[in-house]
1. Could you please report the charge total around residue 256, scoring K, R as +1 and D, E as -1 over all other residues with beta-carbon less than 13 angstrom from its beta-carbon?
2. Fewest Cβ neighbours within 10 Å first, please rank 126, 230, 118 accordingly.
3. Report the label-to-label distance for residue 211 and residue 235 in nanometres (one decimal), using points 7 Å from each Cα along the Cα→Cβ vector.
4. What list of ³J(HN,Hα) values in whole Hz, one per residue of segment 241-249 in order, does the Karplus curve 6.51 cos²θ - 1.76 cosθ + 1.60 (θ = phi - 60°) give from phi, with Gly and Pro shown as x?
5. Report the extension gain between residue 85 and residue 66 in nm, rounded to one decimal, defined as 0.36 nm multiplied by the number of residues separating them, less their alpha carbon distance.
6. Testing the spin-label approximation: label points 7 Å from Cα along Cα→Cβ at residue 42 and residue 177. State their distance in nm.
7. Along Cα→Cβ, 7 Å out, is where each label goes; now give me the distance between the ones at residue 246 and residue 131 in nm to one decimal.
8. Once the other residues with Cβ under 13 Å from the Cβ of residue 165 are scored (Lys, Arg +1; Asp, Glu -1), what is the net sum?
Amino acid sequence: MITITDLTVRSFDLDHLDMVWRIADTYEEELDYTFYVERAGAPSGPWETVSSGLKQQYLFRDGAVNQRKHNTTYYYRIKAVHNVSGEFTYSQPGHQGAKMPREAAVMIYNENILFTKFTGMLCWLFPKKTFGQKCQVCYDPILGRENISNCLTCFGSGYVGGYHRPVRLHVQIFPMAQQVQSDTFGNSEQQNTSAMCIAFPPVSPEDVLVESDNTRWRVVRVETSERLRFTVRQTLSLAKIPIGDVEYSLPIEEENVLNLAVADPYNYSIRSSIGQDDANHSQEVSDGHNGPFNT
């Protein structure tokens with residue numbers, strides 16, 4: 001059986017809680033397992049299943065929670081079921097640490113509107129695999145590294161598939177800077193730029209970002225902007241991937257893309273502006289106002 005590790009529960013909006021987890025490195029086939037997310041009001045249960053079966057997916061968003069309730073803590077655990085034998089195992093229960101302050105939630109909501117409606121363009125993020133099923137084509141367990149740079153099984157990551165399922169998000173990509181680097185083989189042109197996006201999904205160095213025209217970028221560096229220790233924006237340093245590199249073989253199949261928008265922009269009924277009474281806010285929504293950010 002696989003082992004589920006590092007379950008993390010966090011919030012990027014008052015509307016929902018996000019779960020991310022990992023599995024220990026293995027040579028078992030990942031597709032032989034299905035994951036289910038379970039939620040409870042106490043670490044001992046009772047537990048209810050809040051997700052459908054997830055395959056090769058290591059993040060989930062629970063939108064059926066109310067974080068405005070005081071003294072309420074939601075606990076989660078991940079269940080992994082072997083598709084053939086029916087055997088199953090659980091992760092250790094996890095819960096959110098510090099709850100997001102209202103100011104940070106409002107900033108994240110505004111950032112989402114900014115990028116999705118005005119400055120951002122639709123892109124697809126491939127998070128690079130750092131755990132899971134080891135590649136048996138190019139990974140050398142003795143040396144502890146890959147020995148084929150353009151392996152189409154792991155794309156140089158050492159893990160089958162190379163990257164997790166792509167995530168749809170809106171990114172503001174700035175004009176590209178070009179520079180020439182000299183080496184013993186002559187001059188080579190490098191194309192770098194920077195970009196900004198919302199706090200979720202978290203982006204890591206070596207992830208791959210794909211534009212709608214199939215221009216592909218490798219994430220080199222990630223910096224975050226925070227409010228009261230909660231990330232509200234990510235700033236990315238990007239390097240353009242040359243056409244013909246193995247990353248251009250990563251497929252984008254629409255049915256396999258994860259859509260993890262921060263929140264429904266028209267669902268204002270569970271938000272309230274800073275210092276505003278929730279009941280008054282709900283009345284505003286019922287009266288046809290567009291939420292706490294309109295005057």
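Since every read-out is calculated from the coordinates, none of them should be taken as a lab result. On a predicted model such as this, the values are computed, not experimentally measured, just so you know. Cβ sites come from the backbone with ideal geometry, for glycine too, and all protein chains shown count toward neighbours.
1. For residues surrounding residue 256, the net value is 0.
2. Details: 126 23, 230 20, 118 9.
Least crowded to most crowded, the residues run 118, 230, 126.
3. With each label point 7 Å from Cα toward Cβ, the separation is 2.1 nm.
4. 7, x, 4, x, 5, 4, 5, 6, 8
5. Extending this stretch completely gives an extra 3.2 nm.
6. Each label point is offset 7 Å from its Cα along the Cβ direction, giving 5.7 nm.
7. Distance between the two pseudo-spin positions: 2.3 nm.
8. Values: positive: 55, 128, 129, 168; negative: 30, 207, 253, 254, 255.
With Lys, Arg at +1 and Asp, Glu at -1, the net is -1.
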